[in-house]
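Here is the structure we will look at.
The values are calculated or read from the model by the stated rules, or taken from the named source; none is laboratory data. Keep in mind that what you see is a predicted model, and the values were worked out from it rather than measured. Here Cβ is always computed from backbone atoms with ideal geometry, including for glycine, and neighbour counts include all displayed protein chains. Ligands, DNA and RNA are stripped out before the accessible areas are found, and what is left, the full protein with its side chains, is counted by its heavy atoms. Shrake-Rupley method; radii C 1.70, N 1.55, O 1.52, S 1.80 Å.
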Amino acid sequence: MIPSRGYHERILVTGGAGFLGSHLCERLLDRGAEVVSVDNYFTGSRTNIGHLLANPRFEALRHDITFPIHLEVDRIYNLACPASPVHYQHDPVQTTKTSVHGAINVLGLAKRLQAPILQASTSEVYGDPTVHPQTEDYWGNVNPIGLRACYDEGKRCAETLFFDYHRQHAVPIKVVRIFNTYGPRMHPNDGRVVSNFIMQALKGEPLTIYGEGQQTRSFCYVDDLIDGMIRFMEAGPEHTGPINLGNPVEITILELAEKVLQLTGSSSVLERRPLPSDDPKQRRPDIGRAKAVIGWEPKVSFDDGLERTIHSFRSRYFS
Ligand code: NAD
Ligand code: UDP
């Protein structure tokens, strides 16, 4: 146990320069913590955390979490891992290493420090789900040898490691399963549907619909998600999870395209593309557990969140 320094809690955020990580660092700093971001900048960027660098309570380290790291911190949020299919399939072996070796390294650190550690897991552990909406006790339907497996199975193995470190070494763990989240600072070219559609609409290019566009997703605004992560981290140690965090409002990809066209005022057309292999047909979180344990549910409406995201993309890339 770290002796109390009598001042700010020091918190490690791996993947701190990514989309979610940069919002998390910002929120933790606002709450008075000292924050150490560890990132290898594979999909994240220093631009995402540029506005935090002048804060004396913030520190950014370049490091790949597939290698051990030695730090003194009070809490750990493990977010390092590319999240978009285009990025995580670019170097699938490294994706599995990041999830699995990365988990072993951060769990080793948490074990030595006996520090609470939160894992950013994913709805992808449910694969192409046969249970709808997805509850935490559903074990999933994942193709172990498909193109998405490096991410899905990597994240599933990371969950296994978290629970084994908890049972075997009494590490205080927190596992959150994050459903599709969107907002400012998403990578403009990472191939995820919300950033793709907004960029395409703002450039006047066709919106690329994979398959018939009848597959569904449920999109959560980043501020809501970060709120849920911090609340769960701060819930009692008996609450290990896994816990779903996401917005239960479900829409088809075609509906999303129409909404983006309406909110951007774009006259882009829709263009069909082949459906990627193993693309889940439907996804919606059951957030009953999050409501019961941390009193959490999303507050930002989809229209409001999309407008804020479109505004930020306009000013960042088109002004
Ligand atoms: P992101 O790609 O923007 O951020 C990931 C960050 O991790 C980047 O800054 C990247 O450079 C860093 N990183 C990757 N490999 C690393 C390594 N080996 N060592 C150190 N840093 C490394 O993605 P995001 O959307 O911010 O996702 C953050 C986490 O949340 C990921 O673990 C992801 O699996 C999880 N998640 C996100 C979503 C979502 O919709 N955004 C959904 C489910 C789960
Ligand atoms: N998708 C699409 N057009 C795009 C990008 C994605 O139709 O330009 C679809 C994709 O096939 C999937 C859904 O949108 O069904 C969400 O894709 P994303 O990559 O954002 O996340 P994930 O599949 O991991 O949920």
Tell me the Kirkwood radius of the range 62-105: reciprocal of the mean inverse pair distance over distinct alpha-carbon atoms, in Å.
11.3 Å
Return the Rg/Rh ratio of the range 168-252 with Cα-based radii and a Kirkwood Rh.
1.10
Computed over the range 1-150, the distribution of all Cα-Cα distances in 10 Å bins, rounded to whole %, is 11, 37, 33, 16, 3
From phi via Karplus (6.51, -1.76, 1.60), per-residue ³J(HN,Hα) for the range 140-146 in Hz, x at Gly/Pro:
x, 9, 10, 7, x, 10, x
All alpha-carbon distances of the chain, grouped into 20 Å bins from 0, give the whole-percent distribution 33, 60, 7
Which value, in Å² rounded to 10, gives the accessible area of Cys81 with a 1.4 Å probe and all protein chains present?
30 Å²
If amide hydrogens are placed 1.01 Å from N in the peptide plane, which non-local residues have theirs closer than 5 Å to the one on His63?
Asp39, Asn40
Using only the heavy atoms of the protein chains and a 1.4 Å probe, how would Trp296, Trp139 rank by accessible area, largest first?
Trp139, Trp296
At a probe size of 1.4 Å, how large is the accessible area of His239, to the nearest 10 Å²?
60 Å²
Just how large is the dipole of the range 1-115 about the Cα centre, in debye to the nearest 20, putting +1 at every Lys and Arg Cβ and -1 at every Asp and Glu Cβ?
160 debye
The equivalent-ellipsoid semi-axes of the range 220-319, taken as the square roots of five times the Cα gyration tensor eigenvalues and listed largest first in whole Å, are 31, 19, 11
Ordering Arg167, Arg75 by the accessible surface of their heavy atoms, 1.4 Å probe, largest first, yields Arg167, Arg75
If you average the sequence gap of Cα pairs under 8 Å that are 6 or more apart and divide by the length of the range 198-264, what percent do you get for the contact order?
51 percent
Using the C-alpha atoms of the range 71-228, what convex hull volume per residue, in cubic angstrom, is computed?
134 Å³
Scattering from the C-alpha atoms of the range 92-139 alone, worked out with Debye: what is log10 I(q)/I(0) at q = 0.14, 0.16, 0.19, 0.21 1/Å?
-0.52, -0.63, -0.78, -0.84
Rounded to two decimals, the Rg over Rh value of the range 112-189 from Cα coordinates and the Kirkwood Rh reads 1.02
Once the Cα atoms of helix 253-264 and of the chain are each reduced to a long axis, what angle between those two axes, in degrees from 0 to 90 to the nearest 10, is obtained?
80 degrees
Dipole magnitude of the range 188-299 about its Cα centre (Cβ charges: Lys, Arg +1; Asp, Glu -1), debye to nearest 20
120 debye
Under the Debye formula (equal points on every Cα, no solvent term), log10 I(q)/I(0) of the range 231-280 at q = 0.26 Å⁻¹
-1.08
Taking all protein chains together and a probe of 1.4 Å, list Val176, Val86, Val131 from the most accessible to the least accessible.
Val86, Val131, Val176
Dipole axis of the chain (+1 Lys, Arg; -1 Asp, Glu on Cβ), positive-most option in Ser266, Phe162, Ile294:
Phe162
With a cut-off of 8 Å between alpha carbons and a minimum separation of six or more residues, what is the relative contact order of the range 1-153 in percent?
22 percent
Mean separation of Cα contacts under 8 Å, 6 or more apart, over the residue count of the chain: relative contact order %:
17 percent
Test item: Cα-centred dipole of the chain, Lys/Arg +1 and Asp/Glu -1 on Cβ, debye
480 debye
Nearest 10, in degrees from 0 to 90: the angle of helix 149-169 to the longest Cα principal axis of the chain is 20 degrees
